[in-house]
Amino acid sequence: LPSCLCFQVIIHQRNIRTRTPPTMSAAAARRRKQLAKKASAEASGGEGTDPVSARLQSLLSDESDKSEETAYEALQLAQSQVRRFVKTGKYDDATQLAYDVSMTLLEKMGRASVASQLLNLLVQVLNETHTECTPEWTARFAKIDAAYRAAVTADATIDAEERERLGRLHLQFLRGVVKWSDNLGTVRYGAQDLHELLGNQCWRMAGAYQEEDSRAAAAAAAAAQQAGGDVDEEDEDASVPWLRCEAVTHLSLAEKPSSIASYLKTLPAPTADELKMGHDCPASERDALLTRSVLVLCAVENLRDANILLRAYIADIESRDVDDLKKSYMDKKDGRAPAHIIFCSMLLRVCEKEIKTGPLYTWLLKSFGSELSTMFKPDVVKAYCTKIGRVYFNIEPPPSMMSTLENMMGMMGGGGGAMGGGGMGGNPMAGMNPAMMQQMMQQMQGM
């Protein structure tokens, strides 16, 4: 090359090496620093540099500070973190954090009232993220139940009214858990272990309302129900009869006949008025709960546990002579109401027979209709009877109530056992074969 061109090339290369780089703005520098910090935190696999997470861990790790103020601050931080995890698609992190913080609030700090708010968020997140009900989660909820009740019992500073409020909050939480397990689990009507937790809590709450004012509330609720009115959820939560009905319903779905028998054994025997033919008072609570349990078990096609429960009731609870009750059931002139255990015995024998025994089932409901109508929430009882007639004897309900019946049975998994509306269903089938009745009564001798 000519000497002049070589000189120009050398000058150009020297200018490139000595050129001053462009200056970065302060905002761009801060943004670059933030992105680098975020990338470093994500690469480390944790949120250790997050100030919210750091503050939350600091509060929960302090063994000396168990004040309510600290618990509420931890609650607010945990709620913020859980919602952020859900928003960013980290569903497992959200549910795990909600569970861990709830257990810490219960076990280490003894703050059941604060923990109840985070537990409600946990159930909400499980539903929103379509988290499947697994045995692991079922075991976790059993731990939460035990820790919650232990925290309430250990807190000597709360009065009876607050204790009942916390019990009701836990009842509503367990209802939500059962409903979630029904919607996102593999077991029909929900996980059995969760039904057991809910059934036991219902029975405990019924015992907590054994006071004069709660009896008045229960009587008012029963009167409103008999008058055809609706009872709101809060009244039902304070109603001893309904809580016990819900308890045996969930324990039936949990396949715990022995637990039902143990609870029924604590109730008083029927009174003289309750044993009279055509009595105006409600049916004996102990007998009515037995019948309700058997109806639920038959409706879900669990005749095994229905037989176990009935045998336990006759062996350990019923004090009257069974042979005498059998004779009285067929005698309409002795002035005594038909016995619940005889009805349950015949119901099980009929359900174990062929479909052609449908007329006998229809007669059985008709003969015991007066007692069924005096049980708490008779419309729910009738819905169970309708389901049994459809499952075992192909007795279809009227077309107008088909969808209603399906909706009611679907609510067994998470609606607190509540089922509204319904009738006996099917067209009445005339006649009853006395020979069949006698044969069935003879088979009952082995009960």
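The single residue among Ala261, Ala216 that is closer than 17 Å to Ala288 by Cβ and either at pLDDT 95 or above or surrounded by fewer than 22 Cβ atoms within 10 Å (Cβ to Cβ) (or both) turns out to be Ala261.
Just wondering, is there one or more residues in segment 305-319 that are assigned to a loop (DSSP other than H, G, I, E, B), at pLDDT 90 or above and over 23 Å from Thr249 (Cβ atoms)? Yes, segment 305-319 contains at least one residue that is assigned to a loop (DSSP other than H, G, I, E, B), at pLDDT 90 or above and over 23 Å from Thr249 (Cβ atoms).
Yes or no, residue by residue, for (1) part of a helix (DSSP H, G or I); (2) farther than 22 Å from Arg149 by Cβ:
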| residue | (1), (2) |
| --- | --- |
| Asp65 | no, yes |
| Ala71 | yes, no |
| Val86 | yes, yes |
| Ala94 | yes, yes |
| Tyr99 | yes, no |
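Got a sec? Which of Val52, Val86, Val82 is farther than 19 Å from Leu169 by Cα and crowded, with 21+ Cβ neighbours inside 10 Å? The unique qualifying residue is Val82.
For Asp331, the conditions (1) at pLDDT below 85; (2) surrounded by 20 or more Cβ atoms within 10 Å (Cβ to Cβ) all hold with the exception of (2).
Only residues that are in contact (Cβ under 8 Å) with a residue 24 or more places away in the chain and part of a helix (DSSP H, G or I): list them for segment 140-161, please.
Of everything in segment 140-161, those that are in contact (Cβ under 8 Å) with a residue 24 or more places away in the chain and part of a helix (DSSP H, G or I) turn out to be Arg140, Phe141, Ala142, Lys143, Ile144, Asp145, Ala147, Tyr148, Ala150, Ala151, Val152, Ala154.
Across segment 153-186, the number of residues qualifying as polar (S, T, N, Q) and crowded, with 20+ Cβ neighbours inside 10 Å comes to 1. Inspection of segment 118-136 finds no residue satisfying the criterion of being among the hydroxyl-bearing types (Ser, Thr, Tyr) and within 20 Å of Ser53 (Cα to Cα). Within segment 268-288, being of a type outside the set (Gly, Ala, Ser) and either in a loop (DSSP other than H, G, I, E, B) or open to solvent by 70 Å² or more (accessible area, probe 1.4 Å) (or both) holds for Pro268, Pro270, Thr271, Asp273, Lys276, Met277, His279, Asp280, Cys281, Pro282. Would you mind stating whether Ser58 is outside any helix (DSSP H, G or I) and at pLDDT 75 or above? Answer is no for this residue. Exactly one residue out of Ala115, Ala94 is in contact with a Ser or Thr (Cβ under 6 Å, 6 or more places away or on another chain) and under 21 Å from Leu194 (Cβ atoms): that is Ala115. Scanning segment 89-112 for residues that are among the β-branched types (Val, Ile, Thr) and either in contact with a Phe, Trp or Tyr (Cβ under 9 Å, 6 or more places away or on another chain) or surrounded by fewer than 19 Cβ atoms within 10 Å (Cβ to Cβ) (or both) turns up just one, Thr95.
When you scan segment 394-401, do you find a residue that is part of a helix (DSSP H, G or I) and at pLDDT 90 or above, even just one? Taking every residue of segment 394-401 in turn, none turns out to be part of a helix (DSSP H, G or I) and at pLDDT 90 or above.
The condition of being on the phi > 0 side of the Ramachandran plot and modelled with pLDDT under 90 holds for only one of Gly89, Gly45, Gly110, that being Gly45.
Could you say whether any residue in segment 187-196 is open to solvent by 30 Å² or more (accessible area, probe 1.4 Å) and closer than 18 Å to Asn127 by Cβ?
The answer is yes; a qualifying residue exists.
Just so you know, in segment 298-312 the residues that are closer than 26 Å to Arg390 by Cβ and free of Cβ contacts under 8 Å to residues at least 60 places away in the same chain include one that is surrounded by the fewest Cβ atoms within 10 Å (Cβ to Cβ), and it is Arg304.
Screening Lys326, Lys356, Lys366 for residues that are open to solvent by 10 Å² or more (accessible area, probe 1.4 Å), more than 18 Å from Arg286 (Cα to Cα), assigned to a helix (DSSP H, G or I) and touching a helix residue (DSSP H, G or I) at 6+ places or on another chain (Cβ under 7 Å) leaves exactly one candidate, Lys326.
The values are calculated or read from the model by the stated rules, or taken from the named source; none is laboratory data. All values derive from a computational prediction rather than experimental measurement. Please note: Cβ atoms are built from the backbone with ideal geometry, for glycine as well, and neighbour counts cover all protein chains shown. Accessible surface areas use protein heavy atoms only, side chains included; no ligands, DNA or RNA. Shrake-Rupley method; radii C 1.70, N 1.55, O 1.52, S 1.80 Å.
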